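My questions will all concern the structure given below.
The values are calculated or read from the model by the stated rules, or taken from the named source; none is laboratory data. Since the structure is predicted, the reported quantities are computational estimates derived from the model, not experimental observations. Methodologically, a virtual Cβ is constructed for each residue, glycine included, from the backbone with ideal geometry; neighbour enumeration extends over all protein chains shown.
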Amino acid sequence: MPTARSPVGVILAGGQGARIGGSKAIVELRGRPLITYPCEVLREAVGEVVIVAKADTELPGIPGVTVWVEPQTPRHPLIGIMHALSLAEGRPVLSCPVDLPFITPEVVRQLAQAEPGAAPAVIAATAETTQPLFGCFQPRALGLLQAVGNVSELPTRDAITAIGALTVGVDPLTLFNINSPDDLLQAAAMLDQIRTTSRT
């Protein structure tokens with residue numbers, strides 16, 4: 001059973017997906033809706049999983065997964081995290097964008113179990129980049145994000161930096177995200193390679 005301190009797994013699915021032609025949640029990757037990849041991993045790693053999306057977001061049916069409907073406006077990734085924090089009843093939120101099909105339970109647990117100290121969040125990073133939407137946000141992050149001002153007018157990384165989030169190094173593969181049809185093709189080829197390697 002979840003404890004007061006165990007994080008809620010949250011899939012962020014409220015984006016428009018303009019470059020890929022619509023809701024990323026229903027885009028198929030090797031015969032499966034894209035959202036099922038991170039959803040399956042979060043469920044294994046932290047247990048409870050919810051989806052945060054707009055009221056008009058197209059979603060596949062996923063048994064046992066609740067949908068939290070975020071405000072229709074503004075459209076900004078941090079709105080989903082803030083909404084999840086407001087509904088998590090004092091528990092941390094382990095957030096993950098819908099378009100990260102290569103996250104692993106090990107990386108999710110690494111983020112969930114990291115000791116943030118005084119920091120309000122820990123987010124995934126590599127030597128080259130950070131993924132500010134894939135991380136574990138403590139309850140106090142909500143007030144800090146609200147204090148930043150109108151977060152919808154800030155780049156996500158700038159807002160996360162402003163609240164003093166820490167970074168945790170992860171395998172670069174886990175941060176491969178899908179924004180376009182070309183990314184989808186590349187991800188399919190990568191999945192095939194991973195499956196071939198695992199059989200040898």
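Looking at Ala84, is it touching a residue at least 12 places away in the same chain (Cβ under 8 Å), within 28 Å of Pro172 (Cα to Cα), touching a Gly at 6+ places or on another chain (Cβ under 7 Å) and surrounded by 14 or more Cβ atoms within 10 Å (Cβ to Cβ)?
No, not satisfied.
Which condition number in (1) surrounded by fewer than 21 Cβ atoms within 10 Å (Cβ to Cβ); (2) modelled with pLDDT of 95 or more is the one that Pro97 fails?
The single condition Pro97 does not satisfy is (1).
Consider region 55-72. How many of its residues are of a type outside the set (Val, Ile, Thr), within 21 Å of Gly22 (Cα to Cα) and out of contact with any strand residue (DSSP E or B) (no Cβ under 7 Å at 6 or more places or on another chain)?
5
Looking only at region 177-191, which residues are loosely packed, with under 14 Cβ neighbours inside 10 Å and either in contact (Cβ under 8 Å) with a residue 60 or more places away in the chain or outside any helix (DSSP H, G or I) (or both)?
Scanning region 177-191 gives Ser180, Pro181.
Under the condition of being aliphatic (A, V, I, L, M) and in contact with a Pro (Cβ under 9 Å, 6 or more places away or on another chain), which residue from region 56-80 is nearest to Phe134 (Cα to Cα)?
By that ranking, first place goes to Leu78.
Sort out which residues of region 127-139 are modelled with pLDDT of 95 or more and either farther than 20 Å from Gly14 by Cβ or assigned to a loop (DSSP other than H, G, I, E, B) (or both), and write them in order of number.
Once the filter is applied, which keeps residues that are modelled with pLDDT of 95 or more and either farther than 20 Å from Gly14 by Cβ or assigned to a loop (DSSP other than H, G, I, E, B) (or both), region 127-139 yields Gln138, Pro139.
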